[in-house]
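The values are calculated or read from the model by the stated rules, or taken from the named source; none is laboratory data. Note that the structure is predicted; figures quoted are calculated from it, not measured. Note that we place each Cβ from the backbone using ideal geometry, even for glycine, and neighbour counts take in every protein chain shown.
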Amino acid sequence: MRRLSSLIYLLVLAISLPAQSPHGDDLKISCSDCHNPNGWKMIEGTFTFSHGNTDFPLTGQHQSVNCKTCHTGLVFSKAQSDCITCHTDMHRQTLGNECERCHTAKSWLVENTTQLHEQSRFPLLGAHATTDCFQCHESASLLRYDPLGIDCYDCHKTDFQLAKSPDHFEGDFSTDCLICHSINAFEWRGAGINHSFFPLTAGHDLPDCKACHLPGQDYNNLSSACVSCHLTDYNQTTSPNHSGAGFSNECETCHTTSPGWSPAIMGNHDNFFVLNGAHKTIANECTKCHEGNYADAPTDCFGCHADAYNQTTNPPHSTSQFSTECLTCHTEISWKPANYNHDAQYFPIYSGKHNNEWNSCTDCHTNANNYAVFSCIDCHEHSQSAMSGEHDEVSNYSWNSNACLNCHPDGRAED
């Protein structure tokens with residue numbers, strides 16, 4: 001009787017309690033989302049449950065994986081979302097447990113190695129970006145990426161020890177490759193040389209270091225002064241003679257790094273004589289102005305052009321007592337055309353009463369060999385009889401050209 005009472009009690013209790021889900025309390029969905037009245041077995045395509053509504057949406061390869069691969073029991077919430085809980089660490093703890101740093105749910109293949117490497121201690125620059133992983137990561141064939149040193153010498157020790165031009169070991173070079181080499185380059189030489197402490201431009205861009213760094217010479221203490229390498233050039237130069245003329249041995253004062261020393265720029269020449277016009281075209285023909293004396297070369301026009309002044313006959317400068325200031329009439333570009341101001345400097349013939357009253361210089365300058373000789377009285381308007389009547393009241397009047405100019409310096413009759 002007692003046994004029957006117990007069975008009845010348990011039956012009533014079972015009826016009064018709601019059914020317990022075998023999936024645990026965390027699954028907050030209706031049984032009908034996955035099951036139907038015909039049985040508990042799930043038929044793919046008939047259930048309405050969506051994994052996208054969970055904390056782990058199915059993307060990439062996860063979409064084709066059987067549920068039981070990840071959910072080994074009926075309590076689905078026990079499945080872990082960390083990659084490492086499902087996937088074996090093929091890298092053996094050499095890259096950490098965060099698979100998603102390099103891989104995606106789409107594929108295990110890594111296509112953005114260079115970009116990923118930028119997040120590491122050693123971004124891939126220059127030739128490193130095109131180098132096969134196995135060249136640095138020797139254990140990569142085992143899918144292991146053991147930690148490596150990031151100093152150049154850690155990988156390039158052999159390159160350093162075998163380098164002979166120049167001999168890095170004998171030259172006591174630093175093992176910090178970046179002092180001389182560029183990490184962005186694709187070769188050790190040429191563009192790969194980081195010679196920023198002494199730029200290798202133009203004539204200094206030599207293919208062999210030994211052209212400047214002699215065998216047995218200390219590479220670390222080579223002077224950067226021009227004369228330390230070019231003293232022989234300085235002493236042997238004769239056009240002009242640098243040593244004899246007392247030129248500065250700071251080559252960059254007049255020269256660039258262009259091969260051949262020429263053309264010289266003579267950057268300080270403007271300090272004592274600016275080279276303009278025709279002077280600029282002969283800037284590298286020093287002896288045309290400097291006849292062996294560079295310290296006391298004249299800077300006035302006549303000092304160099306006295307012969308041109310004295311030998312000129314059209315018109316004759318010397319006998320005509322023209323100014324020896326060449327720039328009065330000429331420019332530095334050429335002797336012709338002369339640009340003198342006859343009206344302002346001598347006598348108005350391009351303005352006033354004498355404008356258009358003459359045809360050539362010899363109309364007034366009667367001596368072609370001496371323009372200082374001129375005539376005012378040869379003009380028909382200035383006949384002696386006519387002029388004498390005009391000057392009755394002028395004391396000490398004299399009918400000659402010099403007297404005319406003294407009283408009428410600007411050519412006006414009322415002066």
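A residue that is at pLDDT below 80 and among the β-branched types (V, I, T) cannot be found anywhere in segment 170-189. The residues of segment 211-223 that are loosely packed, with under 13 Cβ neighbours inside 10 Å and outside any loop (DSSP other than H, G, I, E, B), listed by number, are A211, N220, N221. Selection of segment 67-121 for residues being surrounded by fewer than 11 Cβ atoms within 10 Å (Cβ to Cβ) and on the phi > 0 side of the Ramachandran plot yields only Q93. For segment 273-281, indicate whether the set of residues that are polar (S, T, N, Q), under 23 Å from E332 (Cβ atoms) and touching an Asp or Glu at 6+ places or on another chain (Cβ under 9 Å) is non-empty. Within segment 273-281, one or more residues are polar (S, T, N, Q), under 23 Å from E332 (Cβ atoms) and touching an Asp or Glu at 6+ places or on another chain (Cβ under 9 Å). E325 satisfies every condition listed in (1) surrounded by 15 or more Cβ atoms within 10 Å (Cβ to Cβ); (2) modelled with pLDDT of 90 or more; (3) among the acidic types (D, E) except (1). Being over 26 Å from V110 (Cα atoms), of a type outside the set (D, E, K, R) and part of a loop (DSSP other than H, G, I, E, B) is the filter here; which residues of segment 140-189 pass it? Scanning segment 140-189 gives A163, S165, P166, H168, F169, G171, F173, S174, T175, C180, S182, W188. If you go through segment 286-308 and keep only what is among the hydrophobic types (A, V, I, L, M, F, W, C), touching a residue at least 40 places away in the same chain (Cβ under 8 Å) and either assigned to a helix (DSSP H, G or I) or assigned by TED's automatic domain parsing to the domain that holds Y371 (or both), you end up with just C286.
Yes/no matrix, rows are residues, columns are (1) surrounded by 13 or more Cβ atoms within 10 Å (Cβ to Cβ); (2) of a type outside the set (A, V, I, L, M); (3) modelled with pLDDT under 85; (4) within 58 Å of the chain's Cα centre (by Cα):
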{"site": "S334", "(1), (2), (3), (4)": "no, yes, no, yes"}
{"site": "N355", "(1), (2), (3), (4)": "no, yes, no, no"}
{"site": "A368", "(1), (2), (3), (4)": "yes, no, yes, no"}
{"site": "Q384", "(1), (2), (3), (4)": "no, yes, no, no"}
{"site": "L405", "(1), (2), (3), (4)": "yes, no, no, no"}
{"site": "P409", "(1), (2), (3), (4)": "no, yes, no, no"}
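Filter segment 203-259 for residues that are hydroxyl-bearing (S, T, Y) and touching a residue at least 40 places away in the same chain (Cβ under 8 Å); which is nearest to Y294 (Cα to Cα)? Out of the qualifying residues, it is S239.
Any idea which residue in segment 190-210 is nearest to D151 (Cα to Cα), counting only those that are modelled with pLDDT of 80 or more and not in a loop (DSSP other than H, G, I, E, B)? Per the stated criteria, the residue is H204.
Among the residues of segment 122-145, those identified as surrounded by 11 or more Cβ atoms within 10 Å (Cβ to Cβ) and of a type in the set (S, T, N, Q) are T131, S139. Take L27 and decide whether it is of a type in the set (A, V, I, L, M, F, W, C), modelled with pLDDT of 85 or more and either part of a loop (DSSP other than H, G, I, E, B) or surrounded by 10 or more Cβ atoms within 10 Å (Cβ to Cβ) (or both). Criteria not met by L27.
Contact map, segment 390-402: first residue at positive phi, second residue part of a helix (DSSP H, G or I) and not β-branched (V, I, T), Cβ cut-off under 9 Å, separation 6 or more or different chains; pairs are N396/A403. Taking T131, is it over 30 Å from L214 (Cα atoms) and out of contact with any helix residue (DSSP H, G or I) (no Cβ under 9 Å at 6 or more places or on another chain)? Yes; evaluated as a whole, the condition is true for this residue. Here's a check for you: in segment 218-235, which residue that is out of contact with any His (no Cβ under 9 Å at 6 or more places or on another chain) and farther than 22 Å from A202 by Cα is modelled with the highest pLDDT? The extreme case among them is N221. Set side by side, the residues Q311, Q321 differ, and just one is over 30 Å from S248 (Cβ atoms), outside the structural domain of N370 (by TED's automatic domain parsing) and free of Cβ contacts under 8 Å to residues at least 12 places away in the same chain, which is Q311. Take the residues in segment 54-66 that are more than 20 Å from G24 (Cβ to Cβ) and among the hydroxyl-bearing types (S, T, Y); name whichever of them is surrounded by the fewest Cβ atoms within 10 Å (Cβ to Cβ). Looking at the filtered set, the residue picked out is S64. Evaluate the following for A283: is it hydrophobic (A, V, I, L, M, F, W, C) and touching a Leu at 6+ places or on another chain (Cβ under 6 Å)? Yes. Looking across segment 30-53, the residues that are loosely packed, with under 10 Cβ neighbours inside 10 Å and modelled with pLDDT under 80 come down to E44, G45, T46, T48. Among residues of segment 271-282 that are more than 16 Å from C326 (Cβ to Cβ), those with a Cβ under 7 angstrom from a residue that is hydroxyl-bearing (S, T, Y) and assigned to a loop (DSSP other than H, G, I, E, B), sequence gap 6+ or separate chain, pair up as F272/T299.
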